[in-house]
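Written out below as structure tokens is the structure these notes cover.
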Amino acid sequence: MSHSTHDAHDTHDAHDEFIAGEYIIHHISDANEIHFFGNVSAPLPMIIYVEGKGFDVFMSSAFSSDGDPHDVHAIKTATGPSTGTVYIKDPETGLRSEGGEAFWDISITKSVFGMLFISSMLIFMLRAMAKSYSKNPGKAPSGLANVLEPLVLFVRDDIAVPIIGKTKSDKFLPFLLTTFFFIVASNLLGLVPFIGGFNITGTIGVTIVLAFVVFFITTVNGNKHYWGHLFWPPGVPSLVKLLVVPIEVFGMFLKPTVLMIRLTANMSAGHIIILSFVSLIFIFNQNYGGVAGIGMGVFSTLFMIFMYFLELLVAFLQAYVFTLLAAIYFADATQEPHH
């Protein structure tokens, strides 16, 4: 075998080597395409504003590989049809322009597409539910309304009213219901097989916005009693206040941060565990042969089925926890002094 042939063989083996970390990160991270299975994927719109030139709008499929198309490390390039800017998509440095032009990337990513889909679906479903009640007042719900009503009553009667209070809960109920249904729907979308591996609530940008909205609503609705306890807690010696007040202020920012981390980590962890057992099949097949791969495949499949049903429970549980904690924060901000 010649030296060049040997190098080509080594390169081919390196490309065929299964790397579990890259496989898992590829599936749980955001992307400019929706991957279904194998080499089947759907491109999404790239929307880029180049300062001084204008907008470039093209599909992500316009990126062509400058190396081996099967190499995950290959750099890809695309030319904007409007500005002529050449964009370079590097796995390590992300998206950049070849000429160093400043630009804003506002593309429709997989998570953005999923959120638009979920929002449209929820608007349709909840409007249909509202119309059914207006057309049939006083009658038992049927169809879609019959499915959604227990969830609406659960958020209202078991979260909002007991925690915030009957008189004040109506003010926060629309947000709590919206948040609960959005998180549940996003989590369930990520569990549907072969439709792109959505990980909406596992995307840090999405949970940051949700946590910020909770923080904003809490801050805006904080009453005199809330701010008084925060910056000058009654009944605490002055010297102790020098220690307590910074902790309380830090806690004010820590609460939404905990909301963000809890939701992101729990939803990503479930996907990572399932993908890890998928990876074991390829690892055993690659290192120990087909028989070991089949054996691990049987074990992994059974465990993945168990994890899948556990993730269904977690999908609702995380929505409940996020909504519950948001309601607790709202109650703390609006509670009246106790005498």
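Quick notes
- When Ile261 is tested against the conditions (1) touching an Asp or Glu at 6+ places or on another chain (Cβ under 7 Å); (2) within 25 Å of His27 (Cβ to Cβ), the lone failure is (1).
- The listed residues are Pro174, Pro141, and the only one of them that is out of contact with any Pro (no Cβ under 8 Å at 6 or more places or on another chain) and more than 26 Å from Leu210 (Cα to Cα) turns out to be Pro141.
- Pick from region 300-339, criterion assigned to a helix (DSSP H, G or I) and without any contact (Cβ under 8 Å) to a residue 12 or more places away in the chain, ranking: nearest to Ile163 (Cα to Cα): Leu317
- In region 211-233, the residues that are more than 15 Å from Gln335 (Cα to Cα) and open to solvent by 80 Å² or more (accessible area, probe 1.4 Å): Phe212, Phe216, Phe231, Trp232
- Residues in region 80-96 that are closer than 17 Å to Ser61 by Cα, surrounded by 16 or more Cβ atoms within 10 Å (Cβ to Cβ) and either over 30 Å from the mean Cα position of the chain (by Cα) or not hydrophobic (A, V, I, L, M, F, W, C) (or both): Gly80, Thr85, Tyr87, Lys89.
One line per residue, one yes/no per condition, for (1) surrounded by 15 or more Cβ atoms within 10 Å (Cβ to Cβ); (2) part of a helix (DSSP H, G or I); (3) modelled with pLDDT of 90 or more:
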site	(1), (2), (3)
Met115	yes, yes, yes
Ile123	no, yes, yes
Ser132	yes, yes, no
Pro141	yes, no, no
Asn146	no, yes, no
Val152	yes, yes, yes
Val155	yes, yes, yes
Ala160	yes, yes, yes
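- Restricting Pro91, Pro81, Pro43 to those that are over 27 Å from Thr201 (Cα atoms) and not small (Gly, Ala, Ser) reduces the list to Pro81.
- Qualifying position, being out of contact with any helix residue (DSSP H, G or I) (no Cβ under 9 Å at 6 or more places or on another chain) and either open to solvent by 50 Å² or more (accessible area, probe 1.4 Å) or modelled with pLDDT under 85 (or both), among Leu310, Leu280, Leu243: Leu243
- Residue within region 202-218 that is farther than 17 Å from Thr257 by Cα and out of contact with any Lys or Arg (no Cβ under 8 Å at 6 or more places or on another chain) present: no
- Some residue of region 29-49 being more than 18 Å from Gly114 (Cα to Cα), at pLDDT 90 or above and open to solvent by 30 Å² or more (accessible area, probe 1.4 Å): yes
- Output for region 268-299, where each listed residue is hydroxyl-bearing (Ser, Thr, Tyr) and more than 25 Å from the chain's Cα centre (by Cα): Tyr288
- Residues of region 166-185 include none that is farther than 26 Å from Asp332 by Cα and open to solvent by 20 Å² or more (accessible area, probe 1.4 Å).
- Restricting attention to region 186-210, the residues that are loosely packed, with under 15 Cβ neighbours inside 10 Å and not β-branched (Val, Ile, Thr) total 3.
The values are calculated or read from the model by the stated rules, or taken from the named source; none is laboratory data. Predicted, not measured: the structure shown is a model, and the values here were computed from it. Counting neighbours? That spans all protein chains shown, and the Cβs are built from the backbone with ideal geometry, glycine included. In case anyone asks, the SASA skips ligands and DNA or RNA and just uses the protein heavy atoms, side chains included. Shrake-Rupley method; radii C 1.70, N 1.55, O 1.52, S 1.80 Å.
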